[in-house]
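What follows is a single structure, written as structure tokens, with notes after it.
Each value in this text was obtained by applying a stated rule to the coordinates, not by laboratory testing. Keep in mind the model is a prediction, meaning the values are calculated, not measured. Virtual Cβ from ideal backbone geometry, glycine too; neighbours counted across all protein chains shown.
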Amino acid sequence: MTTGVHLNDPQTLYRHWEGEQWNPWSIELEADRRQWAGELSNDDRRLVYWALSSLMVAEERITTKFAGLVMAAESEEEASFLASQQVDEARHMQFYGRVQDDVIAQPEAIAAHIARSRQQLGKPFSVIFDQALVSAHDRLAVNPRDAAAKVDFVTTYHLVIESTLGLTAFEFITRFLRKNDLLPGFVDGYSHIHHDEQRHIGYGVWFLREAIARDPALAERVRVTLRDLLPTVASALAPPDRDGSDWEALGAMGEEIRSFALQGLMRRLKIVGVPLDSL
């Protein structure tokens, strides 16, 4: 196990949250609206809309499938931080809903935007968010004191969804948009979201390292979850209309995107104490 890496505990993370608030309605989207209507090519618009759709649906799912982890908190400090994370997820969902309202489509209820966005997504997304995440959350909600269920959920949520998928999406979506001077308001809001998610991932890595230090047998729960999900994660990184392994999206090749995701996961697993080569 790597012991030399400092991780912030939930109380420290909560104090950071108090000083890092932002408002989804303070982001300026006028340039985004103009660019979306007339400056993006049809192919770029289609790819960016796929990316935005995946973010919109992901935030809705992780907002509504999180309460079980709050109930599983083992201290007041942990409960405080986890409650702040659920607020963050709702704020993120609201921001993506505002982008849909003000930039992409006509104003509607969030549920309508989500239903339309789901039509852009492939089966791997459903396997991760509608099956694996929902199942892990439901098992934890039934018994919040089940240590294995909590490890399963945090592995699925914080290691797979927020870090492996979420950080990879941010890297390549914002790289493409910044390089092409596109959607500056979206990039601004998404950067705030990215900062929030770094805090969330810090909690997930902290919790898993602490849990495995207390009970080394729980490392196998991390391994089982990753064995089950990593093949689907690799597929979820590609747009639904890309076949095989040699594909390109948003200015990056599939191999570069997969490598970025894998390297980040490897770093976090080493800190947790479950190196990838032990899977």
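Counting only residues that are touching a Ser or Thr at 6+ places or on another chain (Cβ under 7 Å) and aliphatic (A, V, I, L, M), which one in region 245-279 is farthest from residue 168 (Cα to Cα)? Selected residue: 271. Quick check: anything in region 151-174 in contact (Cβ under 8 Å) with a residue 24 or more places away in the chain, surrounded by 23 or more Cβ atoms within 10 Å (Cβ to Cβ) and not in a helix (DSSP H, G or I)? No, region 151-174 has no match at all. Reported count of residues in region 19-37, each being in contact (Cβ under 8 Å) with a residue 40 or more places away in the chain and in a helix (DSSP H, G or I), is 8.
Out of 147, 105, 112, report the one residue that is in contact (Cβ under 8 Å) with a residue 12 or more places away in the chain and among the small types (Gly, Ala, Ser).
None of the other options fit; the residue is 147.
With the requirement that a residue be β-branched (Val, Ile, Thr) and more than 16 Å from residue 114 (Cα to Cα), what does region 11-66 give you? Within region 11-66, 12, 27 meet the criteria. Looking at region 4-18 only, could you name the residues that are surrounded by fewer than 18 Cβ atoms within 10 Å (Cβ to Cβ) and either part of a loop (DSSP other than H, G, I, E, B) or within 19 Å of the chain's Cα centre (by Cα) (or both)? 4, 5, 6, 7, 8, 9 - these are the residues of region 4-18 that are surrounded by fewer than 18 Cβ atoms within 10 Å (Cβ to Cβ) and either part of a loop (DSSP other than H, G, I, E, B) or within 19 Å of the chain's Cα centre (by Cα) (or both). Look through region 201-223, keep the residues that are surrounded by 15 or more Cβ atoms within 10 Å (Cβ to Cβ) and over 18 Å from residue 72 (Cα atoms), and return whichever of them is farthest from the chain's Cα centre (by Cα). Top of the filtered list is 219. Taking region 21-42 as the range and being among the acidic types (Asp, Glu), surrounded by 13 or more Cβ atoms within 10 Å (Cβ to Cβ) and out of contact with any helix residue (DSSP H, G or I) (no Cβ under 7 Å at 6 or more places or on another chain) as the test, only 39 passes.
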